[in-house]
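**Student:** Would you mind keeping the following structure in view while I ask a few things?
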Amino acid sequence: MLELLRIRHLALIDDMELEFAPGMNVLTGETGAGKSFILKALNFLTGEKMSPDLVRPGSEKAHVEALFALPEGDLVLKRELVAATGRSRLLINDSLGSQDAIRDLRPSLLVHTSQHGQQKLLQPAFQAKILDDYLNRPDLLQQRDTLLRELRDISVRRDALRDRARHLEDKRELLEFQQKEIAKVNPEHGEEETLETKKQELRNQTAVQDAIDSALSLLGAGEGGILDGLGRLERIMENLRRILPGYEEDTEAIIEARQALQDLAMRLRKQPAGDPDEDSLESIEARLYELAQLKRKLKRSLDEIVDLQKEISENLSFLDSCALDLKQLERKESALLDELAATLHQLNPLRREAGNALCAAIVHELKELGFSEHVHVRFDFRPVPLHPGREDCMEDRPTMMWIPNPGQPPQPLDKIASGGELSRFLLAVVGIMNRKETPSLIFDEVDSGVGGLTLNHVANALARLAAQQQVILITHWPQLAARASRHFQVRKEVRQGNTFTFCHALNGLEIRDELSRMAGGGDQGIAMARELLQQR
């Protein structure tokens, strides 16, 4: 049960607090007074989105808080909306909560029925949901949904396998050609770089040996070599310095140069330049040429070709194993279809039994709501195949049909139901479907299209509902408002140039005056208000 609702800085509401009572709580007021903002606040609090432009001008945030009294204890919800960003924050019992968490809680807190619900009632899918909820076999429904989901997954996987197989089969010759060409060469990642490095090393060895040989040839001690020439020059300078003084230093320099070059020659002879293998160099050149030819043929880099080799192998392996994979999927699909057929074999007759019981309950409620004693409601079931080729996988899909008057053929609700009839139909269904739960029921002008004596039937039905669980009703009819345990008046006022929406819990004469206003005012309105208050 909703005990307390506080709204701050939302649209025309500055600060509003409502204490709800058990039974029926009624919100009344002129059109446009702001009743819808109260419902928007409740919907926002229980998970729905809200536009940031609904934050009251001049405020940074809108706040909505509520206290629910539940069998397991009190529940406090708080949610705020930031005007600047549109972001919101939710607290559940003072702990941060998620949108999913509050959406899971919502069915046990509130059931909001509005004119939009009338249109949903016309949809076969919604009618099927009503029946399945009444059936109360969530295990069978969950099993059916799980099997259908798995069957859809298999169908998607099978289509993907077949599409890929068709695509690759068209390319099989090219793939096999590429695989054969790559296998001939059998390249490896980084092979080109390794060969180029080795080739350069071999070339460097050749260049070093040529340089050593040339240097030793020039330095050679034989006739014509540098060392031989220096030796002769040394002897000449020795004779010269004996005759002419002053050439001692020059002679010493020549001796030092000859000794230095002799040391150089010795070191060059010991230099490990290596012995270049011409065959190795030729094999490297041949391998590089082979790799270059493969790259030109396949129009890819060597690393891409190595990766392509793996991809081709996987694709050809896929083509070879695809038939087996499809066979396995077919066996799994057949087993799932057998399970689905068994599930539907249980579900379909139970659905029909539940449909009869639900229709009987709806008819009883409709008669209480002023429908003809001859009104009749039934579900027509149409077998729908859930999988092609499997006649044992047929699901009975329900459509709600009704006969409001004798002599008329049964027709779907959307063919003949008026707005007032739909309002009462929805009220009947909501009352039946929520008897096993204890959420607060919110009716937003569910009396639309209803008038005259029928209003009394609607009022009685709402009163019966309110006797077993909390009802929050927005109405413009005094006949309904008079049944309230607590009556709130919503009004709009302009103060100092600003517009505000206020909500006030009425007492005593205030209730009479509001009912009188709703009845048209004047002496006639007051008389009707007094009569309604005496009757409740």
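Please treat every number below as a calculation from the coordinates, not as lab data. All of these numbers come straight from a predicted model, not from anything done at the bench. Don't worry about glycine lacking a Cβ; one is built from the backbone with ideal geometry, like all the others, and counts go over all protein chains shown.
**Student:** Can you figure out the FRET efficiency of A260 with E181, using R₀ = 41 Å and their beta-carbon distance, to the nearest 0.05?
**Tutor:** 0.10
**Student:** Something else now. Near the amide H of F379, under 5 Å away, which other amide H atoms are found, from residues 5 or more places off or on another chain, if H is placed in the peptide plane?
**Tutor:** M401
**Student:** For the chain, build the charge dipole from Cβ charges (+1 Lys, Arg; -1 Asp, Glu) around the Cα centre, then report which of Q178, L268, L105 sits farthest towards its positive end.
**Tutor:** Value: L105.
**Student:** Report the relative contact order of segment 10-119, percent, no decimals, based on alpha-carbon pairs under 8 angstrom and at least 6 residues apart.
**Tutor:** So the answer I get is 21 percent.
**Student:** Oh, and also: Stretched out fully, how many nm does the piece from D303 to V82 gain, at 0.36 nm a residue minus the Cα gap?
**Tutor:** Extra length from D303 to V82 when fully extended: 74.1 nm.
**Student:** Report the calculated FRET efficiency for D145 and L326 (r = Cβ-Cβ distance, R0 = 30 Å), to the nearest 0.05. Kindly include the intermediate steps, with their values, before the conclusion.
**Tutor:** On the way: r = 25 Å, r/R0 = 0.85.
Efficiency at R0 = 30 Å is approximately 0.75.
**Student:** Taking 8 Å as the Cα distance limit and 6 or more residues as the minimum spacing, I'd like the relative contact order of the chain as a percentage.
**Tutor:** On the way: 723 pairs, mean separation 122.1, N = 536.
Once divided by the residue count of the chain, the mean separation gives 23 percent.
**Student:** Compute the length gained on full extension between N356 and E72: take 0.36 nm times their separation in residues and subtract their Cα-Cα distance, giving the result in nm to one decimal.
**Tutor:** On the way: separation 284, 0.36 × 284 = 102.24 nm, distance 3.44 nm.
My answer for the length gained is 98.8 nm.
**Student:** Out of A342, S301, V377, whose Cα points farthest toward the positive end of the dipole of segment 283-378 (charges: +1 Lys, Arg; -1 Asp, Glu; placed on Cβ)?
**Tutor:** It is S301, whose Cα lies furthest towards the positive end.
**Student:** Whose amide H sits under 5 Å from the amide H of L4, counting only residues 5 or more places off or on another chain, with H placed in the peptide plane?
**Tutor:** Long-range HN contacts for L4: F20, L67.
**Student:** Here's something else I'd like to know. Determine the principal axes of the Cα atoms in the chain, then give the extent along each, sorted from largest to smallest and rounded to whole angstroms.
**Tutor:** Principal extents (Cα only, largest first): 161, 71, 37 Å.
**Student:** Let me ask another. List, in order, the whole-Hz ³J(HN,Hα) value for each residue of segment 99-113 obtained from phi through the Karplus relation with A = 6.51, B = -1.76, C = 1.60 and θ = phi - 60°; use x for Gly and Pro.
**Tutor:** 4, 5, 5, 6, 5, 5, 6, 3, x, 8, 9, 9, 10, 9, 10
**Student:** I'd like the Karplus ³J(HN,Hα) series for segment 187-204: coefficients 6.51, -1.76, 1.60, θ = phi - 60°, whole numbers in Hz, and an x wherever there's a Gly or Pro.
**Tutor:** With the stated coefficients, segment 187-204 comes to x, 10, 4, x, 5, 4, 4, 5, 5, 5, 5, 5, 4, 5, 4, 5, 5, 5 Hz.
**Student:** In whole Hz, with x marking every Gly and Pro, tabulate ³J(HN,Hα) for segment 361-375 from phi via Karplus 6.51 cos²θ - 1.76 cosθ + 1.60, θ = phi - 60°.
**Tutor:** Each residue's phi maps through the Karplus curve to give 5, 5, 4, 4, 5, 5, 5, 5, 8, x, 6, 4, 4, 9, 4 Hz.
**Student:** Give me, ordered by chain and number, the residues 5 or more places off D14 or on other chains with an amide H under 5 Å from its own placed amide H.
**Tutor:** H9, T501
**Student:** Please report the equivalent ellipsoid semi-axes of segment 154-327, computed as sqrt(5 x eigenvalue) of the Cα gyration tensor, largest first, in whole Å.
**Tutor:** One finds semi-axes of 74, 13, 10 Å for segment 154-327.
**Student:** What's the long-distance tail for segment 39-180, i.e. % of Cα pairs beyond 23 Å?
**Tutor:** 63
**Student:** Taking the mean number of other Cβ atoms within 10 Å as a proxy for protection, how do you rank 184-192, 245-253, 486-494 from highest to lowest? Please report the intermediate quantities before stating the final value.
**Tutor:** Working: 184-192: 14.2, 245-253: 11.6, 486-494: 17.4.
Per-residue mean Cβ counts within 10 Å order the peptides as 486-494, 184-192, 245-253.
**Student:** Simple spin-label model, 7 Å along Cα-to-Cβ: K171 to S334 in nm?
**Tutor:** Here the modelled spin labels are 3.3 nm apart.
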